[in-house]
Amino acid sequence: MKTSNNSKVPFIESFYKSQASSFMATAVDMAVMIFCTELLGIYYVTSTAIGAFCGAIVSFFLGRNWAFRRKDGGLTGQAIRYLITSGLSLVLNTFGVWFITEYLGCQYIVSKVIISILIGIFFNFFMFRYFVYK
């Protein structure tokens, strides 16, 4: 279904595209996190935050231009709302990876996968659809 920039993408379409965007952004996030931890020797919690930041940049542009097609909303306003949402997501991701790794004994990469899925579906999608790209 074709949608103009002045109307929202249908919910289910935006959900699927948002999840695909999240998958691509998470791939960047994970690659950066693993690179920083394994090759640069950076503490995994710090690497998690660096990876999440890089993934957030990818996610913003995919969300704006493809998943939600909301280029009419003004780049600055969307970027500010995205920064707020990404900041909260970064805190949730970092805390979640730390918690699952430290208290549940999972390997940090497994922790990252679990947390990324949960936050992507239950936090990021709704924040993007109803706050960032409203």
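In the set (1) 14.4; (2) 15.0; (3) 15.6, which value of Kirkwood radius over Cα pairs in Å was calculated from the structure you see?
Looking at Kirkwood radius over Cα pairs in Å for this model, the match is (2).
Add -39500 (n - 2.57) for each DSSP H run of 4 or more in the chain, then divide by its residues: what number comes out at 222 nm, to the nearest 500 deg cm²/dmol?
-22000 deg cm²/dmol
7 Å from Cα along Cα→Cβ at both I114 and A31: what's the point-to-point distance in nm?
2.6 nm
Pairs of lysines 8 or more apart, or on different chains, with alpha carbons under 23 Å: count those in the chain, would you?
10
Helix 11-34 against the longest principal axis of the chain: what's the angle in degrees, Cα atoms only, rounded to the nearest 10?
The helix 11-34 is inclined about 30 degrees to the chain.
Between F131 and E13, what is the label-point separation in nm under the 7 Å Cα-to-beta-carbon projection?
In this crude label model, E13 to F131 measures out at 2.6 nm.
Would you mind checking segment 75-111 for residues with the amide N under 11 Å from a putative spin-label position 7 Å along Cα→C-beta of E38?
Output list for this probe position: 109.
List the residues whose amide H sits under 5 Å from the amide H of I42, counting only those 5 or more places along or on another chain, with H placed 1.01 Å from N in the peptide plane.
So I42 has HN proximity to T37.
Using the crude model of +1 on Lys and Arg Cβ and -1 on Asp and Glu Cβ, and no other charge, please compute the dipole size for the chain relative to its Cα centre, in debye to 20.
The calculated dipole for the chain is roughly 720 debye.
Nearest 10 degrees is fine. How inclined is helix 108-119 to the longest principal axis of the chain, computing both from alpha carbons?
For 108-119 against the chain, the angle is about 30 degrees.
What does the charge count near A79 come to, summing +1 for each Lys or Arg and -1 for each Asp or Glu among other residues with Cβ under 13 Å from its Cβ?
+4
Give, in nm to one decimal, the length gained when the segment between N65 and F53 is fully stretched (0.36 nm per residue of separation minus the Cα-Cα distance).
Gain in length upon complete extension: 2.4 nm.
Would you work out the relative contact order for segment 73-134, in percent, from Cα pairs under 8 angstrom that are 6 or more residues apart?
46 percent
In degrees between 0 and 90, to the nearest 10, how far off the longest principal axis of the chain does helix 75-104 point, with axes built from Cα atoms?
30 degrees
We did not get these values from a lab; they are worked out from the coordinates using the rules stated. Keep in mind the model is a prediction, meaning the values are calculated, not measured. Cβ coordinates were reconstructed from backbone atoms using ideal geometry, including for glycine residues, and neighbour counts include every protein chain displayed.
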